[in-house]
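Report on one structure; see the data block that follows.
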Amino acid sequence: MKLSENQNLKTYNTFGMEVYARRFVQLESAEEVPAVMEEWLRQRPYYILGGGANTLFTEDFDGTIAHPVFGGIEMMEKSGEKVLLRVAAGEPWDNLIQYCIEHEYYGIENLTAIPGLAGSAPVQNIGAYGVEVKDTIVKVQGYRISTGEPFELTNADCRFAYRNSVFKQEMKNDCVITYVWFQLSTEKHFTLTYQGLVQSLQEREMPLTLRNVSDCVRRIRDAKLPDPAIIGNGGSFFKNPVVQAGKYRDLKAQYPDLVAYDAPNGDKKLSAGQLIEKAGWKGKRVGNAGTWKNQALVLVNHGGATPQEVLGVADAVIHDVNALFGITLEMEINRM
Ligand SMILES: Cc1cc2nc3c(=O)[nH]c(=O)nc-3n(C[C@H](O)[C@H](O)[C@H](O)COP(=O)(O)OP(=O)(O)OC[C@H]3O[C@@H](n4cnc5c(N)ncnc54)[C@H](O)[C@@H]3O)c2cc1C
């Protein structure tokens, strides 16, 4: 365990917000989690911070930040075409993608280049290009902070949904995830439901291999999303809103090009990016904050933006989308 006081978090969140944490504990192994919980986390407030790619710090944090840095990918079992991997919370997510490509394990290649750590992947059930991580997670291990007890949740216990899980509900800010277990396949198979991905493979005349699919995903992402190392951002700032079929029909009559995907119970999931764009916010800048020129759903820090500037843009976007469509956008990012 490594402890520091009055830690600048600027390099620990992809938005690049310059805020300070009173105490910052780097967790160097899963074994030291119980002692750290006992000594530091029981004194609230606390926050478990992975790569900070889904966290917007809005002020200095007068408490303890626990940041897992212990990594590692272990092959636990191989049976038939199935492989079981145990991945430690501090392992960067994209390292797992590279590992799977090298070993030819299929299932998560569409999730290439999502920033953050493996321990955070189940929290919001990361997803991209037709794949959600929930389809490969077998179990999640960790500790409950309120009781200090270890837990082991099966996939069903995690209650995964679109950008949601038990870790964002009952267990929100009450657990330290230590290991995530993934089941992947050695049998060649791909998810090619996203038209842009198919098109990219075809245009570049690339044979269907794990590496090629992963490369295409990376290229599509690079073209659309700002690199947090250059322009601070937290990826999709808002969730795609889900509306009832009737509401969708009314909007579609008004906006024939409205993009929508089927959601459970006959509902429709709209594209938050499109709504924001139609509200006139694509690529707009207010002071040092704004929305990204190639993807309106991404709020950005053009350099030196304060949390108040980012929140100001977020509030204005919510207001304008609501005024135009009668839909209230919900933040995907964790606001601290
Ligand atoms: C450029 C960009 C593109 C992105 N693209 C996508 C995308 O395509 N799809 C997608 O789903 N997301 C995307 N994201 C969002 C982000 O990458 C994911 O949400 C990722 O899982 C965040 O990981 P993190 O480690 O940085 O999480 P953090 O921001 O550090 O934490 C996120 C949440 O998880 C909790 N948490 C973190 N680690 C632990 C732990 N060990 N135990 C318990 N709780 C924990 C935190 O308390 C917090 O509530 C993008 C972000 C960026 C910046």
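The values are calculated or read from the model by the stated rules, or taken from the named source; none is laboratory data. Here the structure is a predicted model, which is why all the values come from computation and not from measurement. Note that we place each Cβ from the backbone using ideal geometry, even for glycine, and neighbour counts take in every protein chain shown. The protein model used for the area step is the full one, side chains on, heavy atoms only, and it has no ligands, DNA or RNA in it. Shrake-Rupley method; radii C 1.70, N 1.55, O 1.52, S 1.80 Å.
Collect the residues in region 164-188 that are over 28 Å from Ala260 (Cα atoms), open to solvent by less than 40 Å² (accessible area, probe 1.4 Å) and at pLDDT below 95, keeping them in residue-number order. Lay out the reasoning, then the answer.
Initially, region 164-188 is screened for residues over 28 Å from Ala260 (Cα atoms), giving 170-188.
This time we only want the ones that are open to solvent by less than 40 Å² (accessible area, probe 1.4 Å), so: 171, 174-182, 184-185.
Passing the criteria: only Asp174.
Looking only at region 222-242, count every residue that is open to solvent by 30 Å² or more (accessible area, probe 1.4 Å) and either closer than 15 Å to Val300 by Cα or outside the structural domain of Val317 (by TED's automatic domain parsing) (or both) and tell me the total.
So in region 222-242, the residues open to solvent by 30 Å² or more (accessible area, probe 1.4 Å) come out as 222-225, 227-231, 236, 239-240, 242.
If we keep only those that are either closer than 15 Å to Val300 by Cα or outside the structural domain of Val317 (by TED's automatic domain parsing) (or both) as well, we get 222-225, 227-231, 236.
Number of matching residues: 10.
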Near pairs, Cβ below 6 angstrom, 6+ apart or cross-chain, from region 112-139 (at pLDDT below 95 and part of a loop (DSSP other than H, G, I, E, B)) to any residue that is more than 8 Å from the ligand (Cβ to nearest atom) and among the aromatic types (Phe, Trp, Tyr): Tyr129/Tyr194; Gly130/Tyr194
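Limited to region 103-124, what total is found for residues that are among the hydroxyl-bearing types (Ser, Thr, Tyr), open to solvent by less than 20 Å² (accessible area, probe 1.4 Å) and either within 6 Å of the ligand (Cβ to nearest atom) or in contact with a strand residue (DSSP E or B) (Cβ under 6 Å, 6 or more places away or on another chain) (or both)?
Taking region 103-124 as the starting set, the residues that turn out to be among the hydroxyl-bearing types (Ser, Thr, Tyr) are 105-106, 112, 120.
Still in the list and also open to solvent by less than 20 Å² (accessible area, probe 1.4 Å): 105-106, 112.
Subset that is either within 6 Å of the ligand (Cβ to nearest atom) or in contact with a strand residue (DSSP E or B) (Cβ under 6 Å, 6 or more places away or on another chain) (or both): 105-106.
So the answer is 2.
Do the conditions hold for Arg159, that is, is it more than 16 Å from Val87 (Cα to Cα), open to solvent by 30 Å² or more (accessible area, probe 1.4 Å) and within 11 Å of the ligand (Cβ to nearest atom)?
Values: more than 16 Å from Val87 (Cα to Cα): yes; open to solvent by 30 Å² or more (accessible area, probe 1.4 Å): yes; within 11 Å of the ligand (Cβ to nearest atom): no.
Answer is no for this residue.
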Pairing a residue in region 48-69 that is charged (D, E, K, R) with any residue that is open to solvent by 10 Å² or more (accessible area, probe 1.4 Å), where Cβ atoms lie under 6 Å and the two sit 6 or more apart in sequence or on different chains, gives Asp60/Tyr20; Asp62/Arg22
Residue in region 189-210 that is touching a Ser or Thr at 6+ places or on another chain (Cβ under 8 Å) and crowded, with 16+ Cβ neighbours inside 10 Å present: no
The condition of being more than 12 Å from the ligand (Cβ to nearest atom), in contact with a Gly (Cβ under 7 Å, 6 or more places away or on another chain) and of a type in the set (Ser, Thr, Tyr) holds, among Thr209, Thr193, Thr186, Thr178, only for Thr193
Exactly one of these conditions fails for Ala113: (1) more than 30 Å from Leu201 (Cα to Cα); (2) in the same structural domain as Glu152 (by TED's automatic domain parsing). Give me its number. (1)
Return the residues of region 53-83 that are of a type outside the set (A, V, I, L, M, F, W, C), more than 19 Å from Met171 (Cα to Cα) and in contact with a helix residue (DSSP H, G or I) (Cβ under 8 Å, 6 or more places away or on another chain); say none if nothing qualifies. Thr58, Glu59, Gly71
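Can you name every one of the strands (runs of 3 or more DSSP E) wholly within region 1-84 that holds 1 or more residues which are polar (S, T, N, Q) and either open to solvent by less than 50 Å² (accessible area, probe 1.4 Å) or on the phi > 0 side of the Ramachandran plot (or both)? Steps first, answer last, please.
Working: elements: 2-8, 20-27, 46-48, 61-68, 73-79.
In region 1-84, the matching strands (runs of 3 or more DSSP E) lie at 2-8, 20-27, 61-68.
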What's the total number of residues in region 128-153 that are open to solvent by less than 70 Å² (accessible area, probe 1.4 Å) and over 21 Å from Ala66 (Cβ atoms)? 11
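Matching residues to (1) of a type outside the set (A, V, I, L, M, F, W, C); (2) in a helix (DSSP H, G or I); (3) out of contact with any strand residue (DSSP E or B) (no Cβ under 8 Å at 6 or more places or on another chain):
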| position | (1), (2), (3) |
| --- | --- |
| Gly142 | yes, no, no |
| His189 | yes, no, no |
| Gln199 | yes, yes, yes |
| Ala223 | no, yes, yes |
